[in-house]
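The values are calculated or read from the model by the stated rules, or taken from the named source; none is laboratory data. Predicted model only: the values in this text are computed from it and were never measured. Ideal geometry is used to build each Cβ from the backbone, glycine not excepted, and the neighbour counts take in all protein chains shown.
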């Protein structure tokens, strides 16, 4: 059986043409009307930075700094995501609250003690992201009061896989403007905690 293929056209390369590199934005100006994919860290092209649940939080923070990221996916020995931890989690109130509840020393705090567990994570569907603009992602992050958003795809067999990450810091860098996200309480317990502080 013979199959006929058609050659794909070739084009000259302009002088000064840069090349795309993993982890760097594509060439060209990004604005809020640009496709959302242009500001997404695509985990199909860039290796995710991960940590384990039993890693000390200072080690996790050092890993973030050396990798130039502010979020680590927390995975088990099978590579399944069990949660995530951000620089804000480590440098914010969570370690102090953990010590107030359990006692101990700062050096004893592990990622699993302060991470956001998978059960509390939400994600955007890659099919929705395909039709979204950068401004839509900024609006989503602002609406939920989060610095990051995970993106999921459905793999053959119907299982989910995390395939991307949006970061307000990265979006701001690419837009060349500051993206301010205010944390928002989402559960009654969180709302009550916020009200009791005021």
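Give, as residue ranges, the helices (runs of 4 or more DSSP H) completely inside segment 94-142 that count at least 3 residues that are surrounded by fewer than 16 Cβ atoms within 10 Å (Cβ to Cβ).
Working: elements: 94-102, 111-114, 126-129.
Counting at least 3 such residues, we get 94-102.
Taking residue 42 as the residue in question, decide whether it is touching a helix residue (DSSP H, G or I) at 6+ places or on another chain (Cβ under 8 Å) and either under 12 Å from residue 165 (Cα atoms) or exposed (fewer than 15 other Cβ atoms within 10 Å of the Cβ) (or both).
Working: touching a helix residue (DSSP H, G or I) at 6+ places or on another chain (Cβ under 8 Å): no; either under 12 Å from residue 165 (Cα atoms) or exposed (fewer than 15 other Cβ atoms within 10 Å of the Cβ) (or both): yes.
When the stated conditions are applied, residue 42 does not pass them.
Go through (1) under 25 Å from residue 172 (Cβ atoms); (2) surrounded by fewer than 15 Cβ atoms within 10 Å (Cβ to Cβ); (3) at pLDDT below 95 and name the single condition residue 88 misses.
Unmet condition: (2).
Could you check segment 126-182 and list, in sequence order, the residues that are without any contact (Cβ under 8 Å) to a residue 60 or more places away in the chain and in contact with a helix residue (DSSP H, G or I) (Cβ under 7 Å, 6 or more places away or on another chain)?
Within segment 126-182, 141, 149, 152, 153, 168, 178, 179, 181 meet the criteria.
For residue 110, indicate whether it is modelled with pLDDT of 90 or more, over 17 Å from residue 41 (Cα atoms) and in contact with a strand residue (DSSP E or B) (Cβ under 9 Å, 6 or more places away or on another chain). Let's see the steps before the verdict.
On the way: modelled with pLDDT of 90 or more: yes; over 17 Å from residue 41 (Cα atoms): yes; in contact with a strand residue (DSSP E or B) (Cβ under 9 Å, 6 or more places away or on another chain): yes.
Criteria met by residue 110.
With the checklist (1) under 18 Å from the mean Cα position of the chain (by Cα); (2) surrounded by 15 or more Cβ atoms within 10 Å (Cβ to Cβ); (3) assigned to a helix (DSSP H, G or I) in hand, flag the one item residue 72 doesn't pass.
The number of the failed condition is (3).
Considering (1) in contact with a strand residue (DSSP E or B) (Cβ under 9 Å, 6 or more places away or on another chain); (2) exposed (fewer than 15 other Cβ atoms within 10 Å of the Cβ), say which one residue 51 fails and leave the rest.
All conditions are met except number (2).
Determine, yes or no, whether residue 85 is under 20 Å from residue 161 (Cα atoms), part of a helix (DSSP H, G or I), in contact with a strand residue (DSSP E or B) (Cβ under 9 Å, 6 or more places away or on another chain) and in contact (Cβ under 8 Å) with a residue 12 or more places away in the chain. Show your work before the answer.
Numbers: under 20 Å from residue 161 (Cα atoms): yes; part of a helix (DSSP H, G or I): no; in contact with a strand residue (DSSP E or B) (Cβ under 9 Å, 6 or more places away or on another chain): yes; in contact (Cβ under 8 Å) with a residue 12 or more places away in the chain: yes.
For residue 85, the condition - under 20 Å from residue 161 (Cα atoms), part of a helix (DSSP H, G or I), in contact with a strand residue (DSSP E or B) (Cβ under 9 Å, 6 or more places away or on another chain) and in contact (Cβ under 8 Å) with a residue 12 or more places away in the chain - is not met.
Only residues that are within 20 Å of residue 34 (Cα to Cα) and surrounded by 16 or more Cβ atoms within 10 Å (Cβ to Cβ): list them for segment 143-162, please.
As a first pass, look at segment 143-162 and keep what is within 20 Å of residue 34 (Cα to Cα): 143, 147-151.
Within segment 143-162, 147, 148, 149, 150, 151 meet the criteria.
Looking only at segment 56-69, which residues are crowded, with 17+ Cβ neighbours inside 10 Å and in contact with a helix residue (DSSP H, G or I) (Cβ under 8 Å, 6 or more places away or on another chain)?
57, 60, 61, 64
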